[in-house]
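Undergrad: Okay, here's the structure, questions in a sec.
Every read-out reported here was derived from the displayed coordinates using simple, explicitly stated rules and does not represent laboratory data. Bear in mind that the values here come from a model prediction, so they are computed numbers and not experimental data. Cβ sites come from the backbone with ideal geometry, for glycine too, and all protein chains shown count toward neighbours.
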């Protein structure tokens, strides 16, 4: 898939761990890990909304499109 | 995902049928072997034209079974006597019965184990694909056996003290074998549907 999830980059910038983020947005660490490691097939807008709110960022900071 | 209580009834029925199938197969095997050693006991046991069913209603045939080939031919008796069959005929009948009953048992076993696996949501889709693949193979075998027997002249040979007589079955029942082909097609369609369902489930599971 050409969509890259840069969640780990944003988490490092905001200095927040996976467990802390999962507690804030009420998503399990396992699911967040799936997202972080680019194994997810799809993401809901509601989830994207919660992540952007928790990390104070834009969707483009989390999602990136790379051809090839 | 609970097993529906309505599934429990067919599962019990299938298990009973499986037991009956085992008993039937054992009895038929025993009869075929024992009729060679104690033929007098099986004087009134007849087979139908295709050699598949045993008829214990002797009133349909001559009350006294013929003792010789000339007597059989003179009376115009058309019955097929189990204790007069040659070894090769008995072997052919037994092989056909063994193949068919074994395949039926395997199909029933798959259905029973599949229904008991529909207890957890995750195992349902995994077992579906494997179960349907196996069922396709078993039903395919049943169709082949049925088709081959349908197109081949089923030759039954009876041996009397004074000679041998061959009876040919000229009925060709191709249509009855196609019921297995239709069942096979239904299984193949269901298999593809559940495979697609498994793919969609995996996609939903990985939607965060």
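Undergrad: Efficiency by 1/(1 + (r/R0)^6): what FRET value for residue B:30 and residue B:178, r their Cβ-Cβ distance, R0 = 22 Å, to the nearest 0.05? Let's see the in-between values first.
TA: Numbers: r = 33 Å, r/R0 = 1.51.
Given R0 = 22 Å and the Cβ-Cβ separation, E is 0.10.
Undergrad: For a footprinting-style exposure proxy, rank B:95, B:142, A:63, B:32 by other Cβ within 10 Å, fewest first.
TA: The order, fewest Cβ neighbours first, is B:95, A:63, B:32, B:142.
Undergrad: Rounded to two decimal places and with Rh computed the Kirkwood way over Cα pairs, what is Rg over Rh for chain A?
TA: Here the Rg-to-Rh quotient is 0.93.
Undergrad: From Cα coordinates alone, what are the radius of gyration and Dmax values for the protein assembly as shown in angstrom?
TA: When restricted to Cα atoms, the protein assembly as shown yields Rg and Dmax of 32.5, 105 Å.
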